[in-house]
Amino acid sequence: MNKNAVKKGFTLIEILIAVSVLAVTLTAMASLVVVTIRVNAANMNSLQAYYLAQQGVEGMRNLRDSNWMQNYSWNNGFECDELEMVKYYTIDEDDSVNALRIDFDMDALPDYVADAFGSSPDFPWDLAVTLTDSPSNILYKVSDEGGYVKFMHDSNGEETVFSRYIEVSYDDCDIESAEISAVVSWNERGSEKSLVLSTFLTNWNDE
């Protein structure tokens with residue numbers, strides 16, 4: 001009788017140990033899944049931020065190239081100001097005109113095409129002065145008629161966690177060179193994150 005009681009006692013202890021081990025294992029697995037999901041979300045945000053920063057830098061480079069094609073000053077729209085050597089801007093694609101991506105001689109274009117290019121000083125981009133902490137820096141998801149989703153500073157779209165502004169910095173107004181920095185920030189689980197991509201734009205085409 002005592003032997004059976006001892007055996008039953010050991011069996012209950014073994015069951016309790018097994019349940020405890022299983023509970024710990026399941027808790028660890030659940031924690032791992034949660035951590036993995038958070039890491040993946042963080043990675044996605046970082047990749048999206050890099051894309052948005054790259055888009056900002058390329059937009060400024062394209063704006064300079066468009067200025068050349070329209071016979072404007074290379075830095076038209078983001079000129080150097082000796083009283084304010086550092087300025088901040090938002091930049092978006094200009095949807096008012098559908099630009100054709102072709103190589104051409106500006107002087108050989110028909111007048112109506114040249115007029116279209118000259119209709120906006122910052123064509124094919126919308127450039128606006130901003131501040132580093134302005135709500136206008138917030139990016140929104142905007143879908144066009146074809147269903148293509150773009151990130152723009154358009155409050156009519158779906159608000160995202162991302163904000164972006166472009167910092168344009170000059171060392172000397174007599175030197176045709178500007179440092180361009182795209183600054184993207186976002187909030188991730190209560191923590192402020194930011195990413196910066198920088199490059200230099202020059203008036204090399206005028207050399």
Contacts under 6 angstrom Cβ, first residue in the range 180-206 being outside any strand (DSSP E or B), partner not acidic (Asp, Glu), 6 or more apart: 203/74; 205/68
Some residue of the range 25-46 being modelled with pLDDT of 75 or more, in contact with a strand residue (DSSP E or B) (Cβ under 9 Å, 6 or more places away or on another chain) and either aromatic (Phe, Trp, Tyr) or under 30 Å from residue 152 (Cβ atoms) (or both): yes
Unique match (being over 25 Å from residue 62 (Cβ atoms) and out of contact with any His (no Cβ under 8 Å at 6 or more places or on another chain)) among 181, 191, 185: 191
Every residue from the range 55-72 that is in a loop (DSSP other than H, G, I, E, B) and in contact (Cβ under 8 Å) with a residue 40 or more places away in the chain: 70, 72
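The values are calculated or read from the model by the stated rules, or taken from the named source; none is laboratory data. Predicted, not measured: the structure shown is a model, and the values here were computed from it. In this analysis, Cβ positions are derived from the backbone assuming ideal geometry, glycine residues included, and neighbour counts consider all displayed protein chains.
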